[in-house]
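*Asks:* Quick one: the structure is below, questions incoming.
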Amino acid sequence: MLTRGGNAIDAAVAVAFALAVTYPEAGNLGGGGFMLVALADGRTAAIDYRETAPRRVDEALFLDARGAVDQERRAFGHHAVGVPGTVAGLAEAHRRFGTLPFAALVEPARRLAEEGIVVQPALAAGLAEHARDLARFPASAAQFLHADGTPVEAGERLVQRDLGNSLRWIAEGGAAAFYDGPIAALIAAEMARAGASLDARDFAEYRPIVRDVLAVRHRGAELLLMPPPSSGGVALAQMVALLAPFELRREGGFTPRARHLFAEASRRAFADRARWLGDPEASAIPVAMLLDEAHLAPLRATIDPQRASRSDAFGPPLAEPRGSSTTHFSIVDAAGNAVANTYTLEERFGGKLVAPGTGFLLNNELQDFNPQRGVTTRDGQIGTEPNLARGGRRPLSSMTPCIVRRDGEVVLVTGSPGGRTIISTVTQIVFDVLEFETPLPQAIARPRQHHGWFPDALRHEAALEEATRTALATYGHVVEPAKQRWQGDAHSIARDPTSGVVQAVADDRVEGWAAAPPDEAPPR
Ligand code: GLY
């Protein structure tokens, strides 16, 4: 799209549609997300296309007849599906900022679906892991599994005819084809068949919301972040503000002391997240209060530079994160326009459900709501009011797309998948680049950590050096390896505003790469 004269927003819309074909575990038409835009002329936008609870949903959504949480209903199938926002969000981004015809942005994805893609190792691994759950739903099985139930393997060609057909409808009819046309009708019919509440009116009423970006300053740079219903922007802003007076710059990098203080800031930001954050359309979210020094200074004063604190000191225990599937891409064009887009189906392959005739997986995003009012347990769940399920509400998200500007010019674009660990991953990269002036490739490669308040443990990637783990334990942290060997997949871009040189850095933890129009790419 850049080669054809389009801008970063055109490219982002085309990439997002294409990933729905090539990376269906997270790239999507049936989910939602956030797109941050920073234009070279100074304008910015935070496009919230998060899924919305159907209007007939209430906070008992995931409770069984005995009032217990029905985990099956949260994870699979029809009841956890929020109204997908992706198509509306991409159409809105194009309407406001795009320059190429919308159909031209959808066309490559349609071709990929109808002509087929060669399955890549990451997709094959995901399908192998989730084949049994995909097999629960006939249209999902037909799309991703062989007739004998075995998953499509790496190197095989995957043709997705129904998906190609949906993309053709969207190319021809725009977002209306999805929300007011054949796609909404197919999904509503499947929901009615299963007795779920999502219906055609929920689709017709869906709107993306274009919000003001959350902008904060650190080390002379301006951080552009996603406001609620993302919790990521507020948490990242809190963490860098809590850490600023410690002058970690003098450490010269992520030393054990820097990692200890980073974990302490993270512990406090996650406690605030659980207590205060939710959908700003549904209740007042005190963002200004949470970022005010009057709130941060006493919180900072509880940080002991020598000793880990205990999470119990900062409120009731909080749930363990579940494995989620989200994906992030960053784009900068030659004019300096930038997009940071993170979108998701919630878990890998969402709720594993494809509505017959549509060709794409539906999200189980309503799982991001707190399932039981007042029940906040050490190992299970959060029960605070701002994120209880309610018709029309958007569940709280951890997605943290981020654009950093200096003197009005974009210098960094980043973001990541990873459920609640997204916040830790993105904050670590931003902090590494701004505080320690670490070159982006090293910041992306550096072993990551996560402290999410509860469980009260500092989790790290397998690559974190033994000596650092030992040192962190001597601060009093419970130091544990992350369940997966890696944390996040943060495809990012650095830009030198003086020369205009753009450095795209693919995170090689999962799969992905950097690309540029042929006349702008360096020789390989
Ligand atoms: N479903 C993951 C997130 O929105 O944070």
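*Asks:* So if I check each of 383, 374, which one is on the phi < 0 side of the Ramachandran plot, modelled with pLDDT under 95 and either part of a strand (DSSP E or B) or more than 16 Å from the ligand (Cβ to nearest atom) (or both)?
*Replies:* 383
*Asks:* Restricting to the stretch 38-59, name every residue that is touching a Ser or Thr at 6+ places or on another chain (Cβ under 9 Å) and either surrounded by fewer than 18 Cβ atoms within 10 Å (Cβ to Cβ) or among the aromatic types (Phe, Trp, Tyr) (or both).
*Replies:* Of everything in the stretch 38-59, those that are touching a Ser or Thr at 6+ places or on another chain (Cβ under 9 Å) and either surrounded by fewer than 18 Cβ atoms within 10 Å (Cβ to Cβ) or among the aromatic types (Phe, Trp, Tyr) (or both) turn out to be 49, 55, 56.
*Asks:* Among the candidates 172, 153, 92, single out the residue that is out of contact with any Lys or Arg (no Cβ under 9 Å at 6 or more places or on another chain) and either assigned to a helix (DSSP H, G or I) or among the β-branched types (Val, Ile, Thr) (or both).
*Replies:* Just a single option satisfies the conditions, and that option is 172.
*Asks:* So, residue 22, is that one open to solvent by 10 Å² or more (accessible area, probe 1.4 Å), polar (S, T, N, Q) and in contact (Cβ under 8 Å) with a residue 60 or more places away in the chain or not?
*Replies:* Yes.
Residue by residue, here is whether (1) within 16 Å of the ligand (Cβ to nearest atom); (2) crowded, with 22+ Cβ neighbours inside 10 Å holds:
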{"site": "387", "(1), (2)": "yes, yes"}
{"site": "391", "(1), (2)": "no, no"}
{"site": "397", "(1), (2)": "yes, yes"}
{"site": "408", "(1), (2)": "no, no"}
{"site": "423", "(1), (2)": "yes, yes"}
{"site": "452", "(1), (2)": "yes, yes"}
{"site": "458", "(1), (2)": "no, yes"}
{"site": "463", "(1), (2)": "no, no"}
{"site": "471", "(1), (2)": "no, no"}
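*Asks:* Still on this structure, I have one more. For the subset of the stretch 332-352 comprising residues that are open to solvent by 10 Å² or more (accessible area, probe 1.4 Å) and under 17 Å from residue 31 (Cβ atoms), which member is nearest to the ligand (Cβ to nearest atom)?
*Replies:* Checked the stretch 332-352; the qualifying residue nearest to the ligand (Cβ to nearest atom) is 346.
*Asks:* Within the stretch 278-311, which residues are in contact (Cβ under 8 Å) with a residue 12 or more places away in the chain, out of contact with any helix residue (DSSP H, G or I) (no Cβ under 6 Å at 6 or more places or on another chain) and assigned to a loop (DSSP other than H, G, I, E, B)?
*Replies:* Answer for the stretch 278-311, where residues must be in contact (Cβ under 8 Å) with a residue 12 or more places away in the chain, out of contact with any helix residue (DSSP H, G or I) (no Cβ under 6 Å at 6 or more places or on another chain) and assigned to a loop (DSSP other than H, G, I, E, B): 279, 280, 281, 282, 285, 302, 305, 306, 308, 309, 310.
*Asks:* Tell me, yes or no, whether the stretch 127-134 has at least one residue that is open to solvent by less than 30 Å² (accessible area, probe 1.4 Å) and more than 30 Å from residue 230 (Cα to Cα).
*Replies:* For the stretch 127-134, residues open to solvent by less than 30 Å² (accessible area, probe 1.4 Å) and more than 30 Å from residue 230 (Cα to Cα): present.
*Asks:* Another question, then. Any residue at all in the stretch 232-240 that's away from the ligand (no atom under 16 Å from the Cβ), closer than 25 Å to residue 34 by Cβ, surrounded by fewer than 19 Cβ atoms within 10 Å (Cβ to Cβ) and among the β-branched types (Val, Ile, Thr)?
*Replies:* Taking every residue of the stretch 232-240 in turn, none turns out to be away from the ligand (no atom under 16 Å from the Cβ), closer than 25 Å to residue 34 by Cβ, surrounded by fewer than 19 Cβ atoms within 10 Å (Cβ to Cβ) and among the β-branched types (Val, Ile, Thr).
*Asks:* Okay, moving on. Quick one: count up the residues across the stretch 333-361 that are in a loop (DSSP other than H, G, I, E, B), of a type in the set (A, V, I, L, M) and in contact with a His (Cβ under 8 Å, 6 or more places away or on another chain).
*Replies:* Selection size over the stretch 333-361: 1.
*Asks:* Within the group 185, 177, which residue is part of a helix (DSSP H, G or I) and open to solvent by 20 Å² or more (accessible area, probe 1.4 Å)?
*Replies:* The conditions single out 185.
*Asks:* Further, regarding this structure: Can you name every residue in the stretch 245-288 that is crowded, with 17+ Cβ neighbours inside 10 Å and among the aliphatic types (A, V, I, L, M)?
*Replies:* Correct list: 248, 258, 261, 263, 265, 269, 271, 274, 277, 282, 285, 287.
*Asks:* Does residue 417 fit the bill of being under 27 Å from residue 73 (Cα atoms), within 16 Å of the ligand (Cβ to nearest atom), over 18 Å from the mean Cα position of the chain (by Cα) and surrounded by 24 or more Cβ atoms within 10 Å (Cβ to Cβ)?
*Replies:* no
The values are calculated or read from the model by the stated rules, or taken from the named source; none is laboratory data. This is a predicted model, so every value here is computed, not measured. Cβ coordinates were reconstructed from backbone atoms using ideal geometry, including for glycine residues, and neighbour counts include every protein chain displayed. The protein model used for the area step is the full one, side chains on, heavy atoms only, and it has no ligands, DNA or RNA in it. Shrake-Rupley method; radii C 1.70, N 1.55, O 1.52, S 1.80 Å.
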